[in-house]
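Heads up: the structure comes next, in structure tokens.
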């Protein structure tokens, strides 16, 4: 087996680290990846609410021009620019999430990897890849050749 057909040393467990530790740290990282996904959805929510607010404002302008300024003004006053949560627009929700829960989780996940795996990322997945790929077969290489 050539060195290119072995996992990248940066994705191998440090000497003396058990499979159980690699699997457990992999679980911590997998949980954090779910938070990354949730964070992306939170940013999507932020963008969608902002887009809906702008589209509503445009539609209310057209409603006013179509002869219903009283209805448009009432809806504009009630909905456009409204807080999504008491005292907060979505950017404030995103900032609180990022600065609180997200940052705490990200720091904890990194600390676990730093402490137990010398900071190496995706060691568990690398071990899975080594167990599941067909060694020597095209498309199953351990890592890029270049």
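Read-outs: derived from the displayed coordinates by stated rules, not from any lab. What you see is a predicted model; the values in this text were computed from it and never measured. Cβ sites come from the backbone with ideal geometry, for glycine too, and all protein chains shown count toward neighbours.
With R₀ fixed at 35 Å, the C-beta to C-beta distance from residue 80 to residue 110 puts the FRET efficiency at about 0.30. Let me know the shape class of segment 94-146, please: from the alpha-carbon gyration tensor, a ≥ b ≥ c as square roots of the eigenvalues, rounded when a/c is under 1.5, otherwise prolate if a/b is greater than b/c, or oblate. Prolate is the answer for segment 94-146, as a/c is 1.5 or above and a/b outweighs b/c. Placing a label point 7 Å from the Cα of residue 98 along the Cα-to-Cβ line, the residues of segment 40-77 whose backbone N sits under 19 Å from it are 40-51.
Using the rule -39500 (n - 2.57) for each DSSP H run of four or more residues, divided by the residues of the chain, the 222 nm mean residue ellipticity is -21000 deg cm²/dmol. Between 73, 114, 53, the GNM of the chain built on Cα springs shorter than 10 angstrom shows 73 fluctuating the most.
Its relative contact order, with pairs defined as Cα atoms under 8 Å and 6+ residues apart, puts the chain at 48 percent. Classify segment 44-146 as rounded, prolate or oblate from the Cα gyration tensor: take a ≥ b ≥ c as the square roots of its eigenvalues, call it rounded if a/c is under 1.5, otherwise prolate when a/b beats b/c and oblate if not. Oblate is the answer for segment 44-146, as a/c is 1.5 or above yet b/c matches or exceeds a/b.
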